Amino acid sequence: MRVIGLAGWSGAGKTVLIVKLIPRLRACGLTVSTLKHAHHAFDIDTPGKDSFLHREAGATEVLVASANRFALMHELRGAPEPRLADLLGRLSPVDLVLVEGYKRDRHPKIEVFRAANGKPFLYPDDPTIIALASDTREGAPAGLPLADLDDIDAVVALARDLALPIEEVLQRLSAAVPA
């Protein structure tokens, strides 16, 4: 397994980019998983359904399975939010894991930058950014590989070339505490 992150300010287009990358990576013969950080409360369950009632009754984990998919819901019940390293360890093996968010963690990242946001580049303040996918070259930091945000094949090449083996990513994550 190899890991690469996509980080950027809200509204930069990280999710849109990932949705375009996945089919292209799969067309290259790669298996792909994603891991996304949510900054807000979210729920994938439906109130009133059996699995919701199981969680509401106090179950720590509820696994729902069918012939098409399964979902494991884990209630933290006051425990700290899991670290990226812990979550990566829970994924089934694939060729490439795309991490959205977790911009304070020490995994390799492609910065997704959109000029209309009016925000500064995350690089060089974040030394784990190793490439840039942007809709502009104006003001772009020098010394980083750069792909146009709309050139999906170029971003695919960056992701494939720059992703690191999970063992190395886990070592980096354990060596540094996020800021």
Once amide H atoms are placed 1.01 Å from N in the peptide plane, what residues at a sequence separation of 5 or more from Leu35, or on another chain, have their amide H within under 5 Å of its amide H?
Leu98, Val99, Glu100
Which chymotrypsin sites (Phe, Trp or Tyr not before Pro) does the range 24-80 hold that lie in a coil by DSSP with at most 11 other beta carbons within 10 Å?
Phe42
Over all pairs of distinct alpha carbons, what does the Kirkwood formula give as the hydrodynamic radius of the range 137-179, in Å?
12.7
Pairs of lysines 8 or more apart, or on different chains, with alpha carbons under 25 Å: count those in the chain, would you?
14
Rounded to 5, percent antiparallel among DSSP beta bridges of the chain
25
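Using only C-alpha positions, report the orientation-averaged shadow area of the convex hull of the range 78-179, nm², one decimal. Write down the numbers at each step before the final one.
Values: hull surface 31.5 nm².
Seen from a random direction, the Cα hull of the range 78-179 projects 7.9 nm² on average.
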Karplus (6.51, -1.76, 1.60) ³J(HN,Hα), θ = phi - 60°, over the range 110-126, in Hz, Gly and Pro reported as x
9, 7, 9, 10, 10, 4, 4, 5, x, 9, x, 5, 6, 7, x, 4, 10
Helix 166-175 sits at what angle to the longest principal axis of the chain, using alpha carbons and giving 0 to 90 degrees rounded to 10?
90
Could you give the spread of the C-alpha atoms of the chain along their three principal axes, from largest to smallest, in whole angstroms?
54, 37, 34
Relative contact order of the range 1-72, pairs being alpha-carbon contacts under 8 Å that are 6 or more residues apart, as %
11
Highest-fluctuation residue, Lys49, Lys103, Lys119 considered, GNM on the chain with Cα pairs under 10 Å
Lys49
Roughly how many Å is it from the Cα centre of the range 115-163 to that of the range 1-72, as a whole number?
24
Taking springs between alpha-carbon atoms closer than 10 angstrom, which of Ala147, Ala159, Ala59 fluctuates most in the Gaussian network model of the chain?
Ala59
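Where a number appears in this text, it was derived from the coordinates with a stated rule and is not lab data. Model, not experiment: these values are computed from the prediction. Cβ atoms come from the backbone with ideal geometry, glycine included; neighbour counts cover every protein chain shown.
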